[in-house]
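Just below is one structure, and these are the notes that go with it.
The values are calculated or read from the model by the stated rules, or taken from the named source; none is laboratory data. Being a predicted model, the structure only gives us computed values, none of them experimental. So basically every Cβ, Gly included, is an ideal-geometry build from the backbone, and we count neighbours across all protein chains shown. Keep in mind that these areas ignore ligands, DNA and RNA; they rest on the heavy atoms of the full protein, side chains included. Shrake-Rupley method; radii C 1.70, N 1.55, O 1.52, S 1.80 Å.
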Amino acid sequence: SFIGEESVAAGEGSILTDNPTWIIDPIDGTTNFVHRFPFVAVSIGFVVNKKIEFGIVYSCIEDKLYTARKGKGAFCNGQKLQVSGQEDITKSLLVTELGSNRDPETIKIILSNMERLLSIPIHG
């Protein structure tokens, strides 16, 4: 099976089944692309039985290829990635994305989450 982000965004329906499925977003960061903000990528995922098996993200402007495979770790241009190990959120950098859904209930949830995060003395 195949699910394309651009066709879903255009209103076409898609159903994730147990079948092996490719999920592709050819311009991940469409809004960035439209506004010439240089953070766009090509994102490809492969799912079997509704569980991700591997993913590939190519950051075009940075020329970085991110890969990850279930049980095998994540890499950037072949170098293994790992989390920082920082356990104190006040010493962490918070990066967030608000999404594109402007449904009033979704906005309410997003703003509530942001309010909780901003009450912590964080960097970001």
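For the reader, a short list of remarks on this structure follows.
- Calculated FRET efficiency for the pair Lys70/Asp18, C-beta based, R₀ 25 Å, to 0.05: 0.95
- Build a GNM of the chain with springs between Cα atoms under 10 Å apart, and of Ser100, Ser59, Ser14 the one that fluctuates most is Ser100.
- For Lys80, the lysines whose Cα comes closer than 23 Å to its Cα, not counting residues fewer than 8 places off in the same chain, are Lys51, Lys64, Lys70, Lys72.
- Candidates per trypsin sites (Lys or Arg not before Pro) in segment 49-123, loop by DSSP, up to 15 other Cβ within 10 Å: Lys50, Lys70, Lys72, Arg102
- Between Lys80 and Leu94, full extension at 0.36 nm per residue minus the direct alpha carbon distance yields a gain of 2.8 nm.
- Cβ-Cβ FRET estimate between Thr30 and Glu115, R0 fixed at 22 Å, reported to 0.05: 0.20
- For the options Val40, Val48, Val83, a Gaussian network treatment of the chain with springs between C-alpha atoms closer than 10 Å singles out Val83 as fluctuating the most.
- The structure shown yields Rg and Dmax of the Cα atoms in Å, and of the options (i) 17.1, 45; (ii) 17.7, 73; (iii) 27.5, 83 that calculated value carries the label (i).
- In plain terms, the chain from Phe39 to Asp103 could stretch by 20.5 nm, reckoned as 0.36 nm per residue minus the Cα-Cα distance.
- Extreme residue, positive dipole direction of segment 2-80, given options Tyr58, Asn77, Ile23 (C-beta unit charges): Asn77
- Accessible surface of the chain [probe 1.4 Å, protein heavy atoms]: carbon and sulfur percent: 59 percent
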